[in-house]
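Asker: My questions all concern the structure below.
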Amino acid sequence: MARIAHDPGLLQAALYGYQMEKEKIEAKIRDLQAQLKGKKASPSAAARSAKPGRRREMSDAARARIAAAQRKRWAEFHKKKAAAQGGD
């Protein structure tokens, strides 16, 4: 294999790329190890930034509490709006 003189900037970029790949692989290894132990692994910072659109699961009870609170806010809003229009 022939040796080619590489630009230090190119070597730095290659090193950075390999380090990023290493972090991704290590995160996947941690996830698999946690699954084998029966736990959910906490996502690393790299994994969180890689999947910004991922949503957390919410229980039915939590969803119902949020819906009830929103209905209460809307009822209050409409009540104030009707009072303001009725007082004209």
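All of the numbers you see were taken from the coordinates with simple rules; none came from a lab. Since this is a predicted model, take the numbers as computed values, not measurements. Because the Cβ atoms are built from the backbone with ideal geometry, glycine has one as well, and the counts that use them run over all protein chains shown.
Asker: Residue by residue, what Karplus-based ³J(HN,Hα) values in Hz, rounded to whole numbers, does the stretch 53-62 have, using 6.51, -1.76 and 1.60 with θ = phi - 60° and x for Gly and Pro?
Answerer: Ordered by residue, 3J(HN,Hα) equals x, 6, 10, 7, 7, 10, 6, 4, 5, 5 Hz.
Asker: Taking 7 Å along the Cα-to-C-beta vector as the label spot, tell me the residue 36-residue 24 distance in nanometres, rounded to one decimal.
Answerer: Label-label distance for residue 36 and residue 24, simple model: 2.3 nm.
Asker: Across the stretch 68-77, in residue order, what do the Karplus-derived ³J(HN,Hα) couplings come to in whole Hz, using 6.51 cos²θ - 1.76 cosθ + 1.60 with θ = phi - 60° and x for Gly and Pro?
Answerer: In residue order, the calculated couplings are 5, 5, 5, 4, 5, 5, 5, 4, 5, 4 Hz.
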